[in-house]
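J.: I am attaching a structure below and will ask some questions about it afterwards.
The values are calculated or read from the model by the stated rules, or taken from the named source; none is laboratory data. Please read all numbers here as calculations on a predicted model, not as lab measurements. Positions of Cβ are backbone-derived with ideal geometry, glycine not excepted, and every protein chain shown enters the neighbour counts. In case anyone asks, the SASA skips ligands and DNA or RNA and just uses the protein heavy atoms, side chains included. Shrake-Rupley method; radii C 1.70, N 1.55, O 1.52, S 1.80 Å.
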Amino acid sequence: METTPERNKQLEIDDQKYIWHPFTQMQDYESEKPLIIEEGNGCILKDTYGNEYIDGVSSLWTNVHGHRKEKLDDALRKQTNKIAHSTLLGLSNIPAVECAKKLIEIAPEGLTKVFYSDNGSTAVEIALKMAFQYHQQADSGDPNKTRFISLINAYHGDTIGSVSVGGIDLFHATYKSLLFPSIHVESPYCYRCPFGRSQGSCDFECFKDMEEKVEAHHHEVAAFIIEPLVQGAAGILVQPPGYLKKVRELCTKHDIIMIADEVAVGFGKTGKMFACEHEQITPDIMAVAKGISGGYMPLAATLASEEIYRGFLDEYEEFKTFFHGHTYTGNPLACAVSLANMEVFEEEHILENLQGKIELLTNRLQPITSLAHVGEIRQRGFMVGIELVADKESKEPYPLKERIGHKVIMEARNHGVIIRPLGDVIILMPPLSISIDELTRLCDVVYKSIRVVTEE
Ligand SMILES: *Cc1c(COP(=O)(O)O)cnc(C)c1O
């Protein structure tokens, strides 16, 4: 179809007629004009009318090198000339082998095996089942260990298992009766400290709460799952230094499997390849997705230590096999582009070059902090959460009905920036490849949009 006003109109009608959008109140969606993306290049998205926007959230935290990255385009094209799909159930394929080898090479030391799937939720689901089954059957396991510890405000995905270890009531409360109960520890959310303390003058009550829950329940706990360093979907809640290390120590002490959900934080977004590196720890199981294929193909992986893997080895009739696998597991197209994605990190020194941009971003966020309705800005690397409040003094949130976050991102859209809020927290997570100019423009537009919506 040609780019005509008629075509564009028809696409908008058909979008509203046929698509049920994720995490979207469709009643609202049906009353607004849809924005339909047609092309992307670098950090710029282009809609059906040819309007351009900065992709301020890397197309939902995935396109770490931007769009139309030549090396990734080529990898995909080259692989289509060989084969697009072949199963990993009982067979193997070249890109799956090479991608797994590379993943282990860059992952925290001690993770040795890659179990593929195709989205973050399944990567977590697999981690939970692996941990559970390990304790049921491994020589060094303990069949009484059947439960999971997770954090309040945690987000681990939308399937039933990953929702069971989730801790965001807005997303998860509806399904409560369907879920297995998990043990929740308080979230280190310093701006709204659950213990009523303030940052810098507390006694790390959140550490104590975590420690107490572990000490009280360790005999029945199979695994502790955590988003290392940053709780992303909760609104970029940054953990105090040492928190992650403490989790690792407690897990080791009590034979609890530590699961790191690096789906959001992985692939450079915190400034290092994986967030666990900031505290020099290795989890027993690690889930990765989002940035793994540079936003090109649905791919995810659950990485396991040798010890976990060995717990599944035995004679066939012992039934210690890990009975799990998705149809598209190890898809060659996805793995080929993922391998190229990881090579770009090395060849273009992405993480070295990122450090200066992180600093620039910090500086550019400074003026936003002083706006009348900005409660707090949280930043870790290229992950930013700007929490808007009705009253800065009392930290009182806006009434839900105001949809203040939504209003801000719609205003930003008018100025050529696409971002997506989490409630009243404005999220920025630009591609790591963003230019200094684009980064500056992104922050300027966010400043103006917050100001216009909250002050005028
Ligand atoms: C996005 C996310 C998931 C779920 O990934 P999907 O690919 O959307 O299923 C899981 N964990 C974390 C930390 C995430 O940010």
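J.: Please find, among Ile94, Ile126, the residue that is among the β-branched types (Val, Ile, Thr) and more than 15 Å from the ligand (Cβ to nearest atom).
T.: Working: Ile126 fails: more than 15 Å from the ligand (Cβ to nearest atom).
Criteria check complete, one pass: Ile94.
J.: Only residues in segment 4-28 that are among the basic types (Lys, Arg) count as the first member; pair them with residues that are open to solvent by 80 Å² or more (accessible area, probe 1.4 Å), Cβ under 8 angstrom, at least 6 apart or cross-chain, and list the lot.
T.: Arg7/Met1
J.: Go through (1) within 16 Å of the ligand (Cβ to nearest atom); (2) assigned to a helix (DSSP H, G or I); (3) open to solvent by less than 40 Å² (accessible area, probe 1.4 Å) and name the single condition Ser59 misses.
T.: The single condition Ser59 does not satisfy is (3).
J.: Hey, any hits in segment 152-161 for a residue that's within 16 Å of the ligand (Cβ to nearest atom), free of Cβ contacts under 8 Å to residues at least 60 places away in the same chain and of a type in the set (Phe, Trp, Tyr)? Walk me through how you get there before you give the answer.
T.: Just the residues of segment 152-161 that are within 16 Å of the ligand (Cβ to nearest atom), to begin with: 152-161.
Remaining after also requiring free of Cβ contacts under 8 Å to residues at least 60 places away in the same chain: 152, 158-161.
Okay, now just the ones that are also of a type in the set (Phe, Trp, Tyr), so none.
Looking through segment 152-161, none of the residues is within 16 Å of the ligand (Cβ to nearest atom), free of Cβ contacts under 8 Å to residues at least 60 places away in the same chain and of a type in the set (Phe, Trp, Tyr).
For every residue, the table says whether it meets (1) open to solvent by less than 60 Å² (accessible area, probe 1.4 Å); (2) over 25 Å from Leu111 (Cβ atoms); (3) modelled with pLDDT of 95 or more.
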| position | (1), (2), (3) |
| --- | --- |
| Ile281 | yes, no, yes |
| Gly295 | yes, no, yes |
| Leu299 | yes, no, yes |
| Ser338 | yes, no, yes |
| Ile350 | yes, no, yes |
| Asn353 | no, yes, yes |
| Ile358 | yes, yes, yes |
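J.: What's the number of the only condition in (1) within 16 Å of the ligand (Cβ to nearest atom); (2) under 19 Å from Val238 (Cβ atoms); (3) among the β-branched types (Val, Ile, Thr) that Val185 fails to meet?
T.: (1)
J.: Of the conditions (1) more than 22 Å from the chain's Cα centre (by Cα); (2) within 16 Å of the ligand (Cβ to nearest atom), Cys202 clears all except one; give me its number.
T.: All conditions are met except number (2).
J.: If I filter segment 391-400 for residues that are of a type in the set (A, V, I, L, M, F, W, C), over 21 Å from the mean Cα position of the chain (by Cα), outside any strand (DSSP E or B) and surrounded by 15 or more Cβ atoms within 10 Å (Cβ to Cβ), do I get at least one hit? If you could, list the steps in order and put the result at the bottom.
T.: To start, the set of residues in segment 391-400 that are of a type in the set (A, V, I, L, M, F, W, C) comprises 400.
When the remaining residues are screened for being over 21 Å from the mean Cα position of the chain (by Cα), the result is 400.
Keeping just the survivors that are outside any strand (DSSP E or B) gives 400.
Within this subset, residues satisfying the condition of being surrounded by 15 or more Cβ atoms within 10 Å (Cβ to Cβ) are none.
No: segment 391-400 contains no residue that is of a type in the set (A, V, I, L, M, F, W, C), over 21 Å from the mean Cα position of the chain (by Cα), outside any strand (DSSP E or B) and surrounded by 15 or more Cβ atoms within 10 Å (Cβ to Cβ).
J.: What's the total number of residues in segment 425-441 that are open to solvent by 40 Å² or more (accessible area, probe 1.4 Å) and touching a helix residue (DSSP H, G or I) at 6+ places or on another chain (Cβ under 8 Å)? So that I can check it myself, show each step before the final result.
T.: Initially, segment 425-441 is screened for residues open to solvent by 40 Å² or more (accessible area, probe 1.4 Å), giving 433, 435-437, 441.
Pick out the ones that are also touching a helix residue (DSSP H, G or I) at 6+ places or on another chain (Cβ under 8 Å) and you get 433, 436.
Final tally of qualifying residues: 2.
J.: Still on this structure: In the list Lys145, Lys129, Lys176, which residue meets the criterion of being of a type in the set (D, E, K, R), in a helix (DSSP H, G or I) and closer than 15 Å to Ile259 by Cβ?
T.: Values: Lys145 fails: in a helix (DSSP H, G or I); Lys176 fails: closer than 15 Å to Ile259 by Cβ.
Sole residue among the options that is of a type in the set (D, E, K, R), in a helix (DSSP H, G or I) and closer than 15 Å to Ile259 by Cβ: Lys129.
J.: To continue, here is another question. Quick check: is even one residue across segment 413-423 assigned to a helix (DSSP H, G or I) and either at pLDDT below 95 or not assigned by TED's automatic domain parsing to the domain that holds His85 (or both)? Can you show your working first?
T.: Looking only at segment 413-423, we keep the residues that are assigned to a helix (DSSP H, G or I), and these are 413-414.
Checking which are either at pLDDT below 95 or not assigned by TED's automatic domain parsing to the domain that holds His85 (or both) leaves us with 413-414.
Yes, there is a match, as at least one residue in segment 413-423 is assigned to a helix (DSSP H, G or I) and either at pLDDT below 95 or not assigned by TED's automatic domain parsing to the domain that holds His85 (or both).
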